[in-house]
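J.: Questions regarding the structure given below will be posed in turn.
FYI, it's all coordinate maths here, none of it is from the lab. Predicted model only: the values in this text are computed from it and were never measured. Neighbour counts are summed over all protein chains in view; Cβ atoms, including those assigned to glycine, are modelled from backbone coordinates with ideal geometry.
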Amino acid sequence: MKSVRRVENVHIFLWLLKDSCWVMDFQILGVFMILPTILVAFFITWRTRKIITELFHNIAVCCWVCANSVWMIGEFFYDDTTRPYATVFFVSGVLVMAYYYLFLNSRRVNQNEEQDVELVSLPESKVYEKV
């Protein structure tokens, strides 16, 4: 998991660089930064796919980066007419997170509560002191 954290830190740097180019109107560098930013986001999602929490959050991040990229390209080259397409990606990310928190996370919380009840109902064990 440490190696994934390092890649996540690189991803944050790439994302900040891409968005900084966007805000400073560096069109060529901004568009160039889309590919590595998206590739690293999908790489992180793939690497964390076995951990359900990480998977869903990283899918949402991929949607967000794609939405930002579409929006940025629209502002740079298409008189900001791509915003509705970007909205599709944003809404997709929100739906992924809504599904996770409404259905998957609540199930995990309920399972944890059941486990807590089981632990509480266990008989007390005797503790032996070393002499």
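J.: How far is it, in nm, from the label point at Lys50 to the one at Leu16 when both lie 7 Å from their Cα along the line to the Cβ?
T.: Going by the 7 Å Cα→Cβ label model, 3.1 nm.
J.: Equivalent-ellipsoid semi-axes (√(5λ), Cα gyration tensor) for the stretch 2-118, whole Å, largest first?
T.: 33, 17, 9
J.: In the stretch 1-89, which GluC sites (Glu not before Pro) fall in coil by DSSP and have 10 or fewer other Cβ atoms within 10 Å?
T.: none
J.: Do any trypsin sites (Lys or Arg not before Pro) in the stretch 1-56 lie in a DSSP loop with no more than 10 other beta carbon atoms within 10 Å, and if so, which?
T.: Values: sites: Lys2, Arg5, Arg6, Lys18, Arg47, Arg49, Lys50; in loops: Arg49, Lys50.
Qualifying residues, ordered by number: Lys50.
J.: Restrict the search to the stretch 33-89; then list the chymotrypsin sites (Phe, Trp or Tyr not before Pro) that DSSP places in a loop and that have at most 13 other Cβ atoms within 10 Å of their Cβ.
T.: Listed in order of number, the matching sites are Tyr78.
J.: Which listed residue (Cys21, Phe42, Ala98) has the Cα farthest towards the positive end of the charge dipole for the stretch 2-118, taking +1 on Lys and Arg C-beta and -1 on Asp and Glu C-beta about the Cα centre?
T.: Phe42
J.: Using the beta-carbon distance between Ser3 and Phe32 and R0 = 30 Å, what value does 1/(1 + (r/R0)^6) give for FRET efficiency, to the nearest 0.05?
T.: Working: r = 26 Å, r/R0 = 0.86.
Calculated transfer efficiency: 0.70.
J.: I would also like to ask the following. Fully extended, how many nm does the chain gain between Val23 and Ala98 (0.36 nm per residue separation, minus their Cα-Cα distance)?
T.: Value of the extension gain: 24.0 nm.
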